[in-house]
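For reference, the structure discussed in these notes is given below.
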There are 2 protein chains.
Amino acid sequence: MDDLDVQDDSRKFKRESAEFRREALILATLNLIAVMGVRGATVREIAARANVTQGLIRHYFSSKEELVQAAYEHHMNTLTDQTAASSGMGNAVSRLTNFVDASLRPPIVDPSAVALWASFLNKVQHDPKMQRIHQQTYNYFRDHLEKLIVAALQETGRSVAASEATQLAIACNAVIDGLWLEGGALPDAFSEGQLAQIGLNSVSAIVGIPLTKEVEQP
Amino acid sequence: MDDLDVQDDSRKFKRESAEFRREALILATLNLIAVMGVRGATVREIAARANVTQGLIRHYFSSKEELVQAAYEHHMNTLTDQTAASSGMGNAVSRLTNFVDASLRPPIVDPSAVALWASFLNKVQHDPKMQRIHQQTYNYFRDHLEKLIVAALQETGRSVAASEATQLAIACNAVIDGLWLEGGALPDAFSEGQLAQIGLNSVSAIVGIPLTKEVEQP
DNA sequence: CTCGCAATTATGCAAGTGTATAATAACTTC
DNA sequence: GAAGTTATTATACACTTGCATAATTGCGAG
């Protein structure tokens with residue numbers, strides 16, 4: 001008599017697509033790095049968490065180094081995709097508002113995300129390939145912010161020199177990064193929405209445009 | 001015939017004071033953690049860098065864990081001491097100015113310092129003792145900043161509610177942290193003094209007080 | 001159905017890890 | 001200057017690490 005489902009198959013393992021396995025390994029790696037750091041995420045534990053044996057890692061990645069790089073790229077892409085998605089529509093001021101707001105709420109603000117970022121920093125500072133990914137992400141984020149700022153200023157009838165716009169973007173980026181960091185490092189130190197509120201106030205002050213997020217159900 | 005100095009002593013080692021050895025071990029630990037991360041800083045390499053053999057570590061610290069905690073405490077104390085020293089004199093506005101300025105220049109802004117901070121973050125999030133040290137440092141820094149802000153506002157004839165002052169301190173702290181982070185993570189992305197300048201502009205905007213650092217040789 | 005390929009597991013190894021214990025030798029004290 | 005204390009070194013051990021290689025086995029092609 002069979003079991004009710006396919007859970008207990010007589011097969012010793014299942015052949016999955018390369019994409020599936022790579023993603024599973026990368027996610028397992030990220031989970032472990034967030035808790036244990038890069039060096040603490042051992043190939044054995046990564047394999048266990050991805051429900052495979054350790055030998056399989058070498059089948060998809062030529063070394064642990066390569067797996068870590070892939071995981072870093074994945075993490076950064078996830079972060080940027082999530083934030084960029086929040087500033088898609090509306091006028092320039094509200095796009096900027098939404099961008100700042102989304103950057104300072106879950107899932108962007110998250111202890112694991114900050115822990116991951118911190119764990120990777122060592123590698124970033126020494127491995128050129130990691131450095132490239134880092135630069136790329138940072139520039140993408142800051143350029144996006146700069147465009148939003150310029151558009152918002154233009155919309156409110158002001159205009160700024162390019163160099164000044166960059167300075168503003170750096171400053172706003174720093175506030176966001178700093179709040180993001182503190183929200184992730186000290187999760188219980190801030191109430192819900194507090195970081196976003198402080199972020200909006202600060203960006204408003206720096207750029208000189210009042211940014212207010214409408215509260216739902218007025 | 002003797003050598004000219006005591007360099008090549010026949011003694012196999014020298015007995016140093018406990019303080020000397022503890023400090024040497026802690027500094028060696030910090031150096032290594034900045035480059036390799038906590039897990040990469042092995043007891044053997046730490047000992048080698050402190051010019052002792054590895055057994056001695058266990059003589060001064062009951063475990064590597066304890067050494068790492070001591071190193072973290074040392075690092076954080078160094079950072080806070082260095083910044084606090086910069087806001088000792090002058091009127092309230094210039095004390096605030098100097099504090100922000102000093103926080104965004106070497107030796108506070110420094111790739112190694114940021115790398116260290118990042119390396120410790122994992123441990124901070126999981127080890128209660130490390131967490132205590134972290135909270136303590138963060139609160140100390142932020143309270144200091146808040147006092148400076150309140151004093152500066154008072155000096156310019158304004159006053160704020162306590163809760164609002166805290167919000168301002170959080171925001172300014174975030175700008176400083178964010179700029180500190182980026183300056184350390186991307187050392188070549190900013191010119192000398194640029195971070196400090198942006199920081200002063202941002203804090204000025206947030207708090208609503210113009211802060212200007214006098215340039216020497218006017 | 002079975003054959004062959006490659007995805008997956010199983011096993012092994014050399015180097016590195018923290019820690020424990022024993023042996024040595026530098027300095028203090030009388 | 002001899003003896004005792006203890007800072008320091010030397011050695012050993014059990015365990016983990018990443019990686020390599022061989023042995024399986026699922027699964028599609030013919």
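The values are calculated or read from the model by the stated rules, or taken from the named source; none is laboratory data. Not measured: the values here are computed from a predicted model. We place every Cβ from the backbone using ideal geometry, glycine too, and count neighbours over all the protein chains shown. The area values use the complete protein model at the heavy-atom level, side chains included, leaving out ligands, DNA and RNA. Shrake-Rupley method; radii C 1.70, N 1.55, O 1.52, S 1.80 Å.
Does A:Gly178 satisfy the criteria of being under 16 Å from the mean Cα position of the chain (by Cα) and either in a helix (DSSP H, G or I) or at the interface with chain B (Cβ under 9 Å from one of its Cβ atoms) (or both)? Walk me through how you get there before you give the answer.
Numbers: under 16 Å from the mean Cα position of the chain (by Cα): yes; either in a helix (DSSP H, G or I) or at the interface with chain B (Cβ under 9 Å from one of its Cβ atoms) (or both): yes.
When the stated conditions are applied, A:Gly178 passes them.
Taking B:Val175, is it in contact (Cβ under 8 Å) with a residue 24 or more places away in the chain, touching a Cys at 6+ places or on another chain (Cβ under 6 Å) and either crowded, with 18+ Cβ neighbours inside 10 Å or not assigned by TED's automatic domain parsing to the domain that holds B:Ala34 (or both)? Walk me through how you get there before you give the answer.
Details: in contact (Cβ under 8 Å) with a residue 24 or more places away in the chain: yes; touching a Cys at 6+ places or on another chain (Cβ under 6 Å): no; either crowded, with 18+ Cβ neighbours inside 10 Å or not assigned by TED's automatic domain parsing to the domain that holds B:Ala34 (or both): yes.
Criteria not met by B:Val175.
Checking the conditions here, which among B:Arg158, B:Arg132 is loosely packed, with under 15 Cβ neighbours inside 10 Å and either in contact (Cβ under 8 Å) with a residue 12 or more places away in the chain or at the interface with chain A (Cβ under 10 Å from one of its Cβ atoms) (or both)? Step through it out loud before you land on a result.
On the way: B:Arg132 fails: either in contact (Cβ under 8 Å) with a residue 12 or more places away in the chain or at the interface with chain A (Cβ under 10 Å from one of its Cβ atoms) (or both).
Testing whether each residue is loosely packed, with under 15 Cβ neighbours inside 10 Å and either in contact (Cβ under 8 Å) with a residue 12 or more places away in the chain or at the interface with chain A (Cβ under 10 Å from one of its Cβ atoms) (or both) leaves just B:Arg158.
What pairs can you find where one residue is in region B:48-68 and over 14 Å from B:Ala24 (Cβ atoms) and within 14 Å of chain A (Cβ to nearest Cβ), the other is open to solvent by less than 80 Å² (accessible area, probe 1.4 Å) and within 13 Å of DNA strand D (Cβ to nearest atom), and their Cβ atoms are less than 8 Å apart, with a gap of 6+ or different chains?
Pairs found: B:Lys64/B:Val43; B:Lys64/B:Ile57.
Any idea how many residues of region B:161-172 are touching a residue at least 24 places away in the same chain (Cβ under 8 Å) and either open to solvent by 50 Å² or more (accessible area, probe 1.4 Å) or within 19 Å of the chain's Cα centre (by Cα) (or both)? Write out each step before concluding.
Taking region B:161-172 and keeping what is touching a residue at least 24 places away in the same chain (Cβ under 8 Å), we get B:168-172.
Then drop every residue that is not either open to solvent by 50 Å² or more (accessible area, probe 1.4 Å) or within 19 Å of the chain's Cα centre (by Cα) (or both), which leaves B:169-170, B:172.
Qualifying residue count for the region: 3.
Give me the residue from region B:181-197 that is touching a residue at least 24 places away in the same chain (Cβ under 8 Å) and assigned to a helix (DSSP H, G or I) and, out of that set, most open to solvent (accessible area, probe 1.4 Å).
Selected residue: B:Pro187.
What do you reckon, is A:Ala205 more than 30 Å from B:Met36 (Cα to Cα), more than 8 Å from chain B (Cβ to nearest Cβ), of a type in the set (A, V, I, L, M) and open to solvent by 20 Å² or more (accessible area, probe 1.4 Å)?
Numbers: more than 30 Å from B:Met36 (Cα to Cα): yes; more than 8 Å from chain B (Cβ to nearest Cβ): no; of a type in the set (A, V, I, L, M): yes; open to solvent by 20 Å² or more (accessible area, probe 1.4 Å): yes.
No: the conditions fail for A:Ala205.
For (1) within 15 Å of DNA strand D (Cβ to nearest atom); (2) modelled with pLDDT under 95; (3) closer than 30 Å to B:Ala41 by Cβ, each residue gets a yes or a no:
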{"site": "A:Thr53", "(1), (2), (3)": "yes, no, no"}
{"site": "A:Gly88", "(1), (2), (3)": "no, yes, no"}
{"site": "A:Leu96", "(1), (2), (3)": "no, no, no"}
{"site": "A:Asp101", "(1), (2), (3)": "no, no, no"}
{"site": "A:Asp127", "(1), (2), (3)": "yes, yes, yes"}
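Look at A:Tyr72 and say whether it is more than 12 Å from chain B (Cβ to nearest Cβ), open to solvent by less than 20 Å² (accessible area, probe 1.4 Å) and farther than 19 Å from A:Gln197 by Cα. Lay out the reasoning, then the answer.
Details: more than 12 Å from chain B (Cβ to nearest Cβ): yes; open to solvent by less than 20 Å² (accessible area, probe 1.4 Å): yes; farther than 19 Å from A:Gln197 by Cα: yes.
So A:Tyr72 passes the test.
Looking at A:Ser87, A:Ser94, which one is farther than 26 Å from A:Arg15 by Cα, polar (S, T, N, Q) and touching a residue at least 40 places away in the same chain (Cβ under 8 Å)? Let's see the steps before the verdict.
On the way: A:Ser94 fails: touching a residue at least 40 places away in the same chain (Cβ under 8 Å).
After ruling out the rest, the residue left standing is A:Ser87.
So which of B:Leu96, B:Leu27 ends up being closer than 27 Å to B:Leu181 by Cα, not basic (Lys, Arg) and not assigned by TED's automatic domain parsing to the domain that holds B:Ile133?
On the way: B:Leu96 fails: not assigned by TED's automatic domain parsing to the domain that holds B:Ile133.
Only one candidate qualifies: B:Leu27.
Only one of A:Ala41, A:Ala115, A:Ala92 is crowded, with 18+ Cβ neighbours inside 10 Å and more than 26 Å from A:Ala185 (Cβ to Cβ). Can you tell me which? Step through it out loud before you land on a result.
Details: A:Ala41 fails: more than 26 Å from A:Ala185 (Cβ to Cβ); A:Ala115 fails: more than 26 Å from A:Ala185 (Cβ to Cβ).
On inspection, the qualifying residue turns out to be A:Ala92.
Out of A:Ser10, A:Ser17, A:Ser87, A:Ser62, which single residue is in contact with a Phe, Trp or Tyr (Cβ under 8 Å, 6 or more places away or on another chain) and either over 28 Å from B:Lys123 (Cβ atoms) or exposed (fewer than 13 other Cβ atoms within 10 Å of the Cβ) (or both)? Can you show your working first?
Details: A:Ser10 fails: in contact with a Phe, Trp or Tyr (Cβ under 8 Å, 6 or more places away or on another chain); A:Ser17 fails: in contact with a Phe, Trp or Tyr (Cβ under 8 Å, 6 or more places away or on another chain); A:Ser62 fails: in contact with a Phe, Trp or Tyr (Cβ under 8 Å, 6 or more places away or on another chain).
After applying the criteria, what remains is A:Ser87.
Go through B:Asn139, B:Asn122 for me and flag whichever is without any contact (Cβ under 8 Å) to a residue 40 or more places away in the chain and facing chain A (nearest Cβ under 10 Å).
B:Asn139
Tell me, please, whether a residue that is of a type in the set (A, V, I, L, M, F, W, C), assigned by TED's automatic domain parsing to the domain that holds A:Ala152 and not in a helix (DSSP H, G or I) can be found in region A:71-89. Steps first, please.
Filtering region A:71-89 for residues of a type in the set (A, V, I, L, M, F, W, C) gives A:71, A:76, A:79, A:84-85, A:89.
This time we only want the ones that are assigned by TED's automatic domain parsing to the domain that holds A:Ala152, so: A:71, A:76, A:79, A:84-85, A:89.
Right, trim to not in a helix (DSSP H, G or I) and you get A:89.
Yes, region A:71-89 contains at least one residue that is of a type in the set (A, V, I, L, M, F, W, C), assigned by TED's automatic domain parsing to the domain that holds A:Ala152 and not in a helix (DSSP H, G or I).
Checking the conditions here, which among A:Asn51, A:Asn31 is open to solvent by 40 Å² or more (accessible area, probe 1.4 Å) and within 20 Å of B:His126 (Cβ to Cβ)?
On the way: A:Asn51 fails: within 20 Å of B:His126 (Cβ to Cβ).
Exactly one of A:Asn51, A:Asn31 is open to solvent by 40 Å² or more (accessible area, probe 1.4 Å) and within 20 Å of B:His126 (Cβ to Cβ), namely A:Asn31.
Only one of A:Asp127, A:Asp110 is more than 10 Å from chain B (Cβ to nearest Cβ), under 16 Å from the mean Cα position of the chain (by Cα) and buried (at least 17 other Cβ atoms within 10 Å of the Cβ); which?
Values: A:Asp127 fails: under 16 Å from the mean Cα position of the chain (by Cα).
Exactly one residue qualifies, and that residue is A:Asp110.
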